[in-house]
Amino acid sequence: MGIEVVDIRKKELRKRFRTIRKELGEERRSELDARIGENLASLPEFAETDVLLAYLDFGPEVCTRGIIQRAWEAGKTVALPWCVPGTHEMRWFKVTSFDDLVRSSLGVEEPRPLDENEQLLGTGQRMMALVPGLTFDATGYRLGYGGGFYDTFLAKFDGVSVGLCREVQLSQDLIVEGIIDAHDLPAQLVVTEKRIIRA
């Protein structure tokens, strides 16, 4: 499958899954996301985690605020991503309150990129990373938003990676869909409101 065909297919799938999650409605999304948070919190991997690398939900993404609150209450370190301008790299910065965040020019809440708050990888701490996506499949592959930030990150992350996905946004097989290539890396687990998939 040529690059142009893959790009068209990705664009079609992104449109489809944006429509699916929008049509759920805010109240239904909140219900499903609360169950996803409960399932995630039930994981032994979550209990064992020292550092939670969490995305902060934006718009109709699977909500992570309840999960982050649980992590704080359990005494875990929480770090959020800051996208390095002009690159596909993310740096992670510790936050202890939602009040620590600032709003970017794109309207997204981000941590303040202060060197003293940076959470480095490879410190020997047990880490879990929450991975966003428009859709995941049962092998952990995902379709993101096209920025490449999480593929770059996962290539050097040696902790537990978890995709958060509502059941209606699951795909059968993204390899068969023809949109997965060599740089795409799967999450190790996918958590929905109904189940935990060990990819």
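The values are calculated or read from the model by the stated rules, or taken from the named source; none is laboratory data. A quick note: this is a predicted structure, and the numbers were derived from the prediction, not measured. Note: ideal-geometry Cβ built from the backbone for every residue, glycine included; neighbour counts use all protein chains shown.
For the range 104-117, how many residues are at pLDDT 85 or above and under 19 Å from the mean Cα position of the chain (by Cα)?
The number of residues fulfilling the criteria is 3.
Residues are listed down the side, and each one gets a yes or a no for (1) small (Gly, Ala, Ser); (2) assigned to a loop (DSSP other than H, G, I, E, B); (3) within 21 Å of Arg29 (Cα to Cα); (4) touching a residue at least 24 places away in the same chain (Cβ under 8 Å):
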{"residue": "Leu121", "(1), (2), (3), (4)": "no, yes, no, yes"}
{"residue": "Gly146", "(1), (2), (3), (4)": "yes, yes, no, yes"}
{"residue": "Asp173", "(1), (2), (3), (4)": "no, yes, no, yes"}
{"residue": "His183", "(1), (2), (3), (4)": "no, yes, no, yes"}
{"residue": "Ala187", "(1), (2), (3), (4)": "yes, yes, no, yes"}
{"residue": "Ile197", "(1), (2), (3), (4)": "no, no, yes, yes"}
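Would you mind stating whether Thr139 is of a type in the set (Ser, Thr, Tyr), within 15 Å of the chain's Cα centre (by Cα), surrounded by fewer than 22 Cβ atoms within 10 Å (Cβ to Cβ) and under 28 Å from Asp50 (Cβ atoms)?
Taking the combined requirement at face value, the residue does not satisfy it.
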